[in-house]
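Derivation of every value follows stated rules applied to the coordinates shown; laboratory data play no part. This is a predicted model, so every value here is computed, not measured. With ideal geometry, Cβ positions are generated from the backbone for all residues, glycine too; neighbour counts draw on all protein chains shown.
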Amino acid sequence: MKLTVKEYASSFKITVQAVYQKLNKGTLKSIEENGKKYIIVEQADKQLEQVSTNQIKVDNSSYIGTFFKKEIKKLNKQLNAKDKKVEQLEKKLNKKEKEIKKLNKLLVQSNHNEKETLLKFISEMKHQIEYKKDDIVDIKIKKKKSKKKKKR
């Protein structure tokens with residue numbers, strides 16, 4: 001048996017969009033004739049169509065149960081796959097955070113070492129300047145003394 005999308009939606013009390021979603025997921029079979037899409041209704045679907053929503057028989061509920069079990073398994077697989085992906089991403093994030101902390105420590109240590117090196121350099125330069133300054137003063141004093149001696 002075949003029904004149009006609208007007929008199928010009406011029979012199963014779902015929206016037309018829901019029918020197209022099922023078609024896209026591959027949970028419904030369809031054919032196209034003269035540019036119109038028809039849903040292929042299987043025997044179990046026909047039984048559900050005949051039963052009103054208020055009176056679901058035991059044989060049909062087993063079909064519904066099977067359908068929902070399959071859907072739940074599929075959704076659980078998808079959820080597990082997403083959980084694994086989240087776990088992998090969290091591991092990567094933790095690894096990157098550790099790398100960042102390590103690099104920050106290295107950067108701080110490097111800055112500290114550079115600061116120490118610059119302070120040592122400045123200290124040595126001050127010492128050299130003081131040494132040269134003392135030499136210059138000594139030379140000036142010696143020159144003055146030597147001039148005084150020559151004048152006498």
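Mind giving me the FRET efficiency for Ile31 and Phe68? R0 is 22 Å, r the Cβ-Cβ distance, nearest 0.05 is fine.
Given R0 = 22 Å and the Cβ-Cβ separation, E is 0.25.
Set the Förster radius R0 to 25 Å, insert the Cβ-Cβ distance between Ala18 and Asn76 as r into 1/(1 + (r/R0)^6), and round the FRET efficiency to 0.05.
0.75
Taking label positions 7 Å along the Cα-Cβ direction at both Lys105 and Lys126, the computed distance is 3.3 nm, reported to one decimal. With 0.36 nm allotted per residue and the present C-alpha distance subtracted, the Glu97-Asp83 stretch has 3.0 nm of extension available. If the chain linking Thr117 and Lys133 were pulled fully straight, counting 0.36 nm for each residue of separation and taking away their Cα-Cα distance, it would gain 3.4 nm.
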